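Contents: one structure, followed by commentary.
The values are calculated or read from the model by the stated rules, or taken from the named source; none is laboratory data. Source: prediction; values computed, not measured. Heads up, the Cβs are rebuilt from the backbone with ideal geometry, glycines too, and the neighbour counts pull from every protein chain shown.
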């Protein structure tokens, strides 16, 4: 969980090899407060976005791809209806949510 005074955007994703438990509901809800535009599920967070056109959607996806590589944490990205993008974050190694998901969500929000 983010330390008091430390925003998620100031943190880095940590490697996760499945050696930790997923966040509990209370922990996830607390972190969700920092990324309120994201939908919160039991095992994932997601955000649906619409862009002016296909090129803008793909530019966004490319920016997210670069960020994901830098952080070592990769979202599922779905481009649909030519200008809409759904970003889904979950930590597959633990089958649920980790702080990494919220860190990357906050950094994706900065792109927008």
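Quick look at the values:
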item	result
Residues satisfying the stated conditions in segment 36-61, i.e. in contact with a strand residue (DSSP E or B) (Cβ under 7 Å, 6 or more places away or on another chain) and touching a residue at least 40 places away in the same chain (Cβ under 8 Å)	37, 38, 43, 44, 45, 46, 47, 49, 60
Extreme residue, farthest from residue 28 (Cα to Cα), among residues of segment 82-94 that are over 11 Å from the mean Cα position of the chain (by Cα) and outside any strand (DSSP E or B)	82
Failed item, numbered, when residue 73 is tested on (1) assigned to a loop (DSSP other than H, G, I, E, B); (2) in contact with a helix residue (DSSP H, G or I) (Cβ under 6 Å, 6 or more places away or on another chain); (3) free of Cβ contacts under 8 Å to residues at least 40 places away in the same chain	(3)
Pick from segment 9-33, criterion outside any loop (DSSP other than H, G, I, E, B) and out of contact with any helix residue (DSSP H, G or I) (no Cβ under 6 Å at 6 or more places or on another chain), ranking: farthest from residue 90 (Cα to Cα)	10
Positions within segment 49-63 being in a loop (DSSP other than H, G, I, E, B) and crowded, with 16+ Cβ neighbours inside 10 Å, in sequence order	51
Test: residue in segment 34-43 that is outside any loop (DSSP other than H, G, I, E, B), more than 14 Å from the chain's Cα centre (by Cα), surrounded by fewer than 17 Cβ atoms within 10 Å (Cβ to Cβ) and at pLDDT 95 or above	no
Failed item, numbered, when residue 25 is tested on (1) closer than 18 Å to residue 73 by Cα; (2) without any contact (Cβ under 8 Å) to a residue 60 or more places away in the chain; (3) surrounded by fewer than 16 Cβ atoms within 10 Å (Cβ to Cβ)	(1)
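Conditions (1) modelled with pLDDT under 95; (2) under 13 Å from the mean Cα position of the chain (by Cα); (3) exposed (fewer than 15 other Cβ atoms within 10 Å of the Cβ); (4) over 13 Å from residue 14 (Cα atoms), marked per residue:
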| position | (1), (2), (3), (4) |
| --- | --- |
| 76 | no, yes, yes, yes |
| 80 | no, no, yes, yes |
| 96 | no, yes, no, yes |
| 109 | no, yes, no, yes |
